[in-house]
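The values are calculated or read from the model by the stated rules, or taken from the named source; none is laboratory data. Since the model is a prediction, treat every value here as computed from it, not as a measurement. All Cβ positions, glycine included, derive from the backbone under ideal geometry; neighbour counts span all protein chains shown.
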Amino acid sequence: MPPPSFSFSQQTWKRLKKNKGAIAGLVIIAAAVFLTVFGYLVAPDGSPNADLQTVEIQAKKPGYSQLFLKIPDKKNSGVGWFSRLLNGKPDDYRYLPINSYTIKNDTLTVNKYVDEDTAVIQYYSIDLLTHHRSGQLLSQNIVTKKFWFGTDKFGRDILSRLIIGTRVSLAVGLIAVLISLTLGIILGALAGYYRGRMDEMIMWLVNVTWSIPTLLLVFAITMALGKGFWQIFIAVGLTMWVSVARLIRGQVMTLKELEYVQAARALGLSDGRIIVRHILPNILGPVMVIAASNFATAIIIEAGLSFLGIGVQPPQPSWGLMIKENYNFIITHNPMLALVPGFAIMLLVLAFNMLGNGLRDAVDVRDAG
């Protein structure tokens with residue numbers, strides 16, 4: 001009985017599973033995708049942009065715990081589940097940091113936390129706090145919150161902003177890769193298939209674009225389009241297509257001389273059909289590898305632009321912006337506020353690089369055995 005035959009994708013996956021580094025990178029990327037989709041549901045601070053500020057507890061170290069009095073906020077209205085999934089939900093309470101509290105009759109007396117050495121006594125009606133359900137005061141209105149990664153200079157939860165910031169990093173990588181692949185595949189295929197004047201024009205454009213430092217080119221595009229969330233995606237994508245175009249051009253030049261392409265021409269198939277149906281499917285392996293590499297590059301560029309202030313704008317969380325907001329704590333008492341988002345960038349970029357290396361080995365049929 002002959003051994004079962006596997007398709008190219010099945011063989012690629014079989015070889016990829018043997019690469020522990022690539023699988024580890026894939027697991028990290030899968031976790032990042034989960035946080036991108038469900039971040040507002042799992043983050044301790046599920047408010048829009050994780051922007052719940054408590055200035056009294058600014059720049060606290062990882063593991064800091066604080067007692068809070070939850071004061072009902074009548075300004076907030078109901079938010080649907082899908083809207084909360086996309087944009088978060090304004091908190092129904094205002095959080096007042098306190099050191100201690102006492103209950104006497106229908107009055108709650110609290111020592112409001114101001115700083116390490118200062119507290120202010122304040123009084124609250126228990127009926128107003130609990131909507132006339134005073135028996136639920138301790139369980140619902142007085143809570144202890146732990147900030148696992150500390151708080152930033154505005155008193156916001158670093159962990160929550162780190163989780164929500166994952167969305168920006170993955171989104172900029174995805175959109176930038178889609179733009180770069182679209183432009184690179186079209187121009188590279190045209191240059192490699194038609195050669196001649198078409199090839200000369202496209203390669204001149206590639207060389208000119210490649211001669212400009214990437215960061216300066218992104219600066220110019222960002223300044224032309226304006227600062228913002230979507231503009232940074234387009235700017236990064238428009239600077240990464242040249243490597244894709246050169247790769248596709250070389251692959252198409254090789255494949256178009258093979259017998260099956262010559263046979264397709266002899267049968268009278270159009271150039272467009274030959275390129276789309278017979279050449280491009282056979283170069284998906286190298287495209288997947290360079291897509292993973294470009295994904296990592298896009299994350300680094302976005303973080304750098306946000307750090308310089310021309311990327312994602314506050315209060316929207318971005319890992320690069322978080323480093324910018326907290327980098328001066330590195331030389332003071334709390335360096336982890338800036339190091340934590342830096343570690344997150346490093347981990348996600350490393351995951352894409354490990355996956356790209358694994359894909360490179362898996363799609364190389366010479367390594368099959």
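Just give me the residues in the stretch 87-110 being more than 17 Å from TYR64 (Cβ to Cβ), under 39 Å from the mean Cα position of the chain (by Cα) and not aromatic (Phe, Trp, Tyr), in sequence order.
Of everything in the stretch 87-110, those that are more than 17 Å from TYR64 (Cβ to Cβ), under 39 Å from the mean Cα position of the chain (by Cα) and not aromatic (Phe, Trp, Tyr) turn out to be ASN87, GLY88, LYS89, PRO90, ASP91, ASP92, ARG94.
Limited to the stretch 111-123, what total is found for residues that are surrounded by 14 or more Cβ atoms within 10 Å (Cβ to Cβ) and either closer than 17 Å to SER65 by Cα or within 40 Å of the chain's Cα centre (by Cα) (or both)?
Total satisfying the criteria: 4.
Identify, please: which residue in the stretch 138-148 is at pLDDT 90 or above and surrounded by fewer than 20 Cβ atoms within 10 Å (Cβ to Cβ) and is, among those, nearest to the chain's Cα centre (by Cα)?
Out of the qualifying residues, it is TRP148.
Could you please give the count of residues in the stretch 36-49 that are surrounded by 18 or more Cβ atoms within 10 Å (Cβ to Cβ) and more than 14 Å from LEU86 (Cβ to Cβ)?
1
Within the stretch 319-334, can one find any residue that is modelled with pLDDT of 90 or more and aromatic (Phe, Trp, Tyr)?
yes
Select from the stretch 95-112 the residues that are at pLDDT below 90 and either of a type in the set (Lys, Arg) or assigned to a helix (DSSP H, G or I) (or both) and list them in ascending order.
LYS104
So which residues in the stretch 113-134 are in contact (Cβ under 8 Å) with a residue 40 or more places away in the chain and part of a strand (DSSP E or B), if there are any at all?
Matches in the stretch 113-134: TYR113, VAL114, ASP115, TYR124.
Take VAL252 and tell me if it is surrounded by 15 or more Cβ atoms within 10 Å (Cβ to Cβ) and at negative phi.
Yes: the conditions hold for VAL252.
Looking at LEU348 and the list (1) surrounded by 20 or more Cβ atoms within 10 Å (Cβ to Cβ); (2) free of Cβ contacts under 8 Å to residues at least 40 places away in the same chain, which single condition is not satisfied?
Looking at each condition in turn, LEU348 falls short on (2).
Go through the stretch 205-322 and tell me which helices (runs of 4 or more DSSP H), entirely inside it, have 3 or more residues that are in contact (Cβ under 8 Å) with a residue 60 or more places away in the chain.
Counting at least 3 such residues, we get 214-225, 229-237, 241-255, 284-308.
Among residues belonging to the stretch 323-337 that are part of a loop (DSSP other than H, G, I, E, B) and in contact with a helix residue (DSSP H, G or I) (Cβ under 9 Å, 6 or more places away or on another chain), point out the one that is surrounded by the most Cβ atoms within 10 Å (Cβ to Cβ).
Result: ASN334.
For residues in the stretch 167-193 being over 20 Å from SER293 (Cβ atoms) and surrounded by fewer than 22 Cβ atoms within 10 Å (Cβ to Cβ), which is nearest to the chain's Cα centre (by Cα)?
Top of the filtered list is ARG167.
Which residue out of ILE299, ILE279 is over 30 Å from ALA220 (Cα atoms), crowded, with 22+ Cβ neighbours inside 10 Å, at pLDDT 90 or above and touching a helix residue (DSSP H, G or I) at 6+ places or on another chain (Cβ under 6 Å)?
ILE279
Of the residues THR166, THR182, THR144, only one is among the polar types (S, T, N, Q), under 30 Å from LEU85 (Cα atoms) and in contact with a helix residue (DSSP H, G or I) (Cβ under 6 Å, 6 or more places away or on another chain); which?
THR166
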